[in-house]
Every structure is written in structure tokens, then in C-alpha cells.
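What follows is one structure encoded as C-alpha cells, with my remarks underneath.
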Amino acid sequence: MSRLAIRGARLLDGAGDHGVADVLLEDGTIAAMGEGAAAGAETLIDAGGALLTPAFLDLHAHLREPGQEVKEDLASGLAAAAAGGFGTVVSMANTSPTVDEPGIVADLVQKAERLSKARLRPAAALSHGLRGETLTDYAALQEAGAVMITDDGIPVANGRLMRSACEYAADLGLVVQTHSEDPSLRADGVMNEGEVSQELGLPGNPDAAEAAMVFRDCEIARLTGARVHIAHVTSKRSLQVVEHFKALGAPVTCEVTPHHLTLTDAALRSFDPVFKVAPPLRTEADVAYLRDALRRGVVDSIGTDHAPHTRAEKERDLMSAPFGLPNIEVAFPLLYTRLVETGELELPALLALLQDGPARVMGWTVPRLEVGAPADLVLLDLETERAVDPQRFRSKARFSPWAGERLRGWPTLTVVGGVVAHRLEERVATS
Ligand SMILES: [Zn+2]
């Protein structure tokens, strides 16, 4: 394997700021750091003072393979992830067929390894076919490479099944991720239930649908001792429930998404289905509460919930268009520009939500810039402003709620296992 060196980068990880230094990568790990470390490298990348930090971890992305490759596939999805600075991605199981058999998990793992993009860590379905009726074989799925159990996309309506799932997963040390929305309360809502939905005459999905099931899932975590990760918390009420259970010492963690941190239900006034997500975009007060929770350290991770669809699907009318939007390539620049540059959140706190936070949720080693650590790194250009251009997405879903917005913080280089998985050529000078 070739020896790759990154010269003159400012090094920052969860242990702190390590100043400007050179880093040598060899055999998939960080082989040397400091002055002169770049000597003897075959490939030299001049960082020019850009920020070098561990590649991000996304515990929530829809890569659509198998069966929905018209929306996304492993090649496009993992390339998109690398372009967004992510070195590891947990893919969701709501594919076609669903990821409910060990053979499917093994296929995904094998295929992803050949791509040399972001690392794939598949989640497996909690129930066969995501039907919420019978549990899948968690031990066999874990053996095949599954790292998480979730029916994400479809809430688990039956509390007794969720309890059994948590008992089984707890025995195996698997994290159960929940899509917490009470289906009977959510009904056919296409947006947040509130002033805006009333004004527009659209069916709403009340915040109570989410908070009620978050409460149930936290109770089940407490009851069973299973590590339950609440996906895409969107509202003040839901987050308060999580906080309540955390205070009790329940083994509960939670995630928020880039879109729920930056958009509100007011966006639906455009009737543009790009803003149709599940759970829905909430109110300004909810967004403010989520942002404050980031500062208070209540949120464990930022998961993208990258959910690609074809343009044709998202150009249907609001009632029939599918839920979800692609965001994995813009997640960091968006949050850096909107939260860090505005002074709302410190950079290390944002990085922690993409690095140490998700690693701790999963029980993985926290990523560090140190000799011997895996060479999963991202170089971030915090200076150059550039517009979001969906036509240049690696994702097949070439649309975005943030199209045209000028952002800073773009990943210019992502290295996974010592191999370059993404490079923004015009941003990095080579010598
Ligand atoms: Zn999802």
C-alpha cells in the first residue's frame, strides 16, 4: 500500500487541538505525526493549514440497495458519504427486499469493501419485512456484520414486539434504533400539525405522535436494559422525554438531523415536497430547543437520515411524494455555517456529534488522530465559500433544500483506511 502524507494541516480531534503538523498514513493507519513525518511519502498532499480531523460517522443513512438502486446504490451512496466527510455509514434496512437475512447483510458488506469509499456498517431489520410481526434472527445478522437493529422508516407499533426485540438485542449487545412515531396518532399527516398545517389545509402529524412513542421506547430501554437510540428527535417535547429518561439512568441515546436543526414547517408554505420528511419539520421553537440541546450536550449524535429519492418521485404533489431528502454531502458545511460560524455552537462540539458521540452510541473506539489509529480522516476547508450545487452530488438524488446556498466547511479530502475516498481537486494543491 502506498504511503500517503498530509502536510501542514491543523489537527483537531476529541482530545483537543494538536496544532499544525504533518501526518503519514501507511497500511491503513496513522504511521507518524509531527514535523518531518511526511518524509518518504509517495503521495504528498499539502493541506495549507486546513483542518484535519477524524472522518465522520453517520449512524443513519438510506443507501437504497438492494432493490431501489434507481434512488441510490452502495457506490453512489458511499461516494456521497465520503464527499460529505463521512468515513463510516450505518445503512438502514428498509430496502427491497428488506435487510432481514444474514445473506443480504454479508452481500452488502462484501460489495462495499470493493468500493473503497466510506465504510459500510449495515443495520438489520428488527422484524421480518419491517412488518412488525416477527423478530429477525439477530445473532445470525450480527454474525454476518449487522451492527444495529432497526425498522427505521416504519415505527414498531406493537410494544410487546419492541420489548422482545430489546431483550434479544440486549443479550447480544446490539443497539436498537427506533423510528418513534405512533402510527395511529401520526395517521396520514404529511407535515407538522400546527398553525401552518391549518393555514395550508394539509393533514398534520402531531408532535404528540412522536413524544408518546419516544416515551414508550425509553420505558422499554429502562425495562430491558437494551441500548436504545432514538432516531431523528425533532421536537422539544420528545427531547424533554429523552432528557427525563437519561436523568433516570436509562440506557437511552438520541440523534438529531441536519434538516430538523435548520428548517421549520414554514418551509411547507412552498408546497414543495422536498421539505416532506418523517418525522416532519417542526416549529421555530422546536428548532431553537434542539439547538440549545446541542450546546447542553443532551444530544448524542447527528445522523443525516440521508434519504434519496428520484426527482420524479419528489416532484409529485405533496400528498403523494415520498418522505425524505438527500443531505449527506452538505451536512457538515450546512451545520458549520449555520451553527458554528454564527457563534451558536463551538466547532469541537459539532465535531463531537459526528465523531465521538456516534462512536460512543455504538460502543466503538472513539476516533483519534494518533499513531496506530485507523487512517480515517477528513480535511475541512473552513475558509472557502461555495454554493450547494446538487448537479455535482455523488448521490443519485440531485436536489436539495439548500441548493444555491453559500456555505463554508467543505470536505476537500476524505481518507478511509489510508485510501483516498474523496478529493475536491480544486481545493487541495498537490506537490
Ligand atoms: Zn431514516
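Checked against (1) within 16 Å of the ligand (Cβ to nearest atom); (2) under 22 Å from Arg408 (Cβ atoms); (3) of a type outside the set (S, T, N, Q), Phe56 meets all criteria but (1). When the criteria are applied in full, Leu350 fails the requirement of being in a helix (DSSP H, G or I) and closer than 30 Å to Leu202 by Cβ.
So which residues in the stretch 229-247 are within 16 Å of the ligand (Cβ to nearest atom) and within 16 Å of Leu59 (Cβ to Cβ), if there are any at all? Please lay out each step first, then the result.
Taking the stretch 229-247 and keeping what is within 16 Å of the ligand (Cβ to nearest atom), we get 229-234, 238.
Once the filter is applied, which keeps residues that are within 16 Å of the ligand (Cβ to nearest atom) and within 16 Å of Leu59 (Cβ to Cβ), the stretch 229-247 yields His229, Ile230, Ala231, His232, Val233.
Apart from one condition, Ala226 fits all of (1) more than 15 Å from Gly159 (Cβ to Cβ); (2) assigned to a loop (DSSP other than H, G, I, E, B); the exception is (1). Just checking, does the stretch 89-98 include any residue being away from the ligand (no atom under 16 Å from the Cβ) and buried (at least 24 other Cβ atoms within 10 Å of the Cβ)? No, every residue in the stretch 89-98 fails to be away from the ligand (no atom under 16 Å from the Cβ) and buried (at least 24 other Cβ atoms within 10 Å of the Cβ).
Results for (1) among the aliphatic types (A, V, I, L, M); (2) touching an Asp or Glu at 6+ places or on another chain (Cβ under 6 Å); (3) surrounded by fewer than 24 Cβ atoms within 10 Å (Cβ to Cβ), shown as yes or no for each residue.
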| site | (1), (2), (3) |
| --- | --- |
| Met362 | yes, no, yes |
| Asp389 | no, no, yes |
| Glu405 | no, no, yes |
| Val415 | yes, no, no |
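Leu200 passes every criterion in (1) within 25 Å of the chain's Cα centre (by Cα); (2) surrounded by fewer than 18 Cβ atoms within 10 Å (Cβ to Cβ); (3) in contact (Cβ under 8 Å) with a residue 60 or more places away in the chain apart from (1). Annotation note: of Lys71, Lys117, the sole residue that is within 21 Å of Val330 (Cα to Cα) and in contact with a Leu (Cβ under 8 Å, 6 or more places away or on another chain) is Lys117. Contact map, the stretch 143-172: residues that are on the phi > 0 side of the Ramachandran plot paired with residues that are within 16 Å of the ligand (Cβ to nearest atom), Cβ distance under 6 Å, separation 6+ or inter-chain. Pairs shown: Gly153/Asn94.
Restricting the search to strands (runs of 3 or more DSSP E) fully inside the stretch 7-111 and requiring at least 2 residues that are under 22 Å from Gln177 (Cα atoms), hydrophobic (A, V, I, L, M, F, W, C) and within 17 Å of the chain's Cα centre (by Cα) gives 56-61, 86-91.
Select from the stretch 320-331 the residues that are touching a helix residue (DSSP H, G or I) at 6+ places or on another chain (Cβ under 8 Å) and farther than 16 Å from Arg392 by Cβ and list them in ascending order. First the steps, then the outcome.
The first filter runs over the stretch 320-331 and keeps only residues touching a helix residue (DSSP H, G or I) at 6+ places or on another chain (Cβ under 8 Å), leaving 321-322, 325-331.
Within the stretch 320-331, Ala321, Pro322, Leu325 qualify.
The rows are residues; the columns are (1) surrounded by fewer than 20 Cβ atoms within 10 Å (Cβ to Cβ); (2) under 22 Å from Thr88 (Cβ atoms); (3) out of contact with any helix residue (DSSP H, G or I) (no Cβ under 6 Å at 6 or more places or on another chain).
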site: Pro374; (1), (2), (3): no, yes, yes
site: Ser395; (1), (2), (3): no, yes, no
site: Gly409; (1), (2), (3): no, yes, no
site: Glu425; (1), (2), (3): yes, no, yes
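Just checking, does the stretch 360-369 include any residue being at positive phi and in contact with a helix residue (DSSP H, G or I) (Cβ under 6 Å, 6 or more places away or on another chain)? No, the stretch 360-369 contains no residue that is at positive phi and in contact with a helix residue (DSSP H, G or I) (Cβ under 6 Å, 6 or more places away or on another chain).
On the given criteria, is Asp182 at pLDDT 95 or above and buried (at least 17 other Cβ atoms within 10 Å of the Cβ)? Criteria met by Asp182. Can you name every residue in the stretch 161-184 that is in contact with a Pro (Cβ under 6 Å, 6 or more places away or on another chain) and either part of a helix (DSSP H, G or I) or more than 16 Å from the ligand (Cβ to nearest atom) (or both)? Selection gives Pro183 alone.
For every residue, the table says whether it meets (1) at pLDDT below 95; (2) in contact with an Asp or Glu (Cβ under 6 Å, 6 or more places away or on another chain); (3) assigned to a loop (DSSP other than H, G, I, E, B); (4) of a type outside the set (Ser, Thr, Tyr).
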| site | (1), (2), (3), (4) |
| --- | --- |
| Pro279 | no, yes, yes, yes |
| Ala285 | no, no, no, yes |
| Tyr289 | no, no, no, no |
| Leu294 | no, no, no, yes |
| Val299 | no, no, yes, yes |
| Arg316 | no, no, yes, yes |
| Gly324 | no, no, yes, yes |
| Asn327 | no, no, yes, yes |
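Is there a residue being within 16 Å of the ligand (Cβ to nearest atom) and either polar (S, T, N, Q) or more than 18 Å from the chain's Cα centre (by Cα) (or both) anywhere in the stretch 326-349? It would help to see each step written out before you state the result.
Kept after step one, since they are within 16 Å of the ligand (Cβ to nearest atom), are these residues of the stretch 326-349: 326-328, 331.
Okay, now just the ones that are also either polar (S, T, N, Q) or more than 18 Å from the chain's Cα centre (by Cα) (or both), so 327.
Yes, some residue in the stretch 326-349 is within 16 Å of the ligand (Cβ to nearest atom) and either polar (S, T, N, Q) or more than 18 Å from the chain's Cα centre (by Cα) (or both).
The values are calculated or read from the model by the stated rules, or taken from the named source; none is laboratory data. Please read these numbers as outputs of a predicted model, since none were measured by experiment. Using ideal geometry, Cβ is built from the backbone for each residue, glycine included, and neighbour counts are taken over all protein chains shown.
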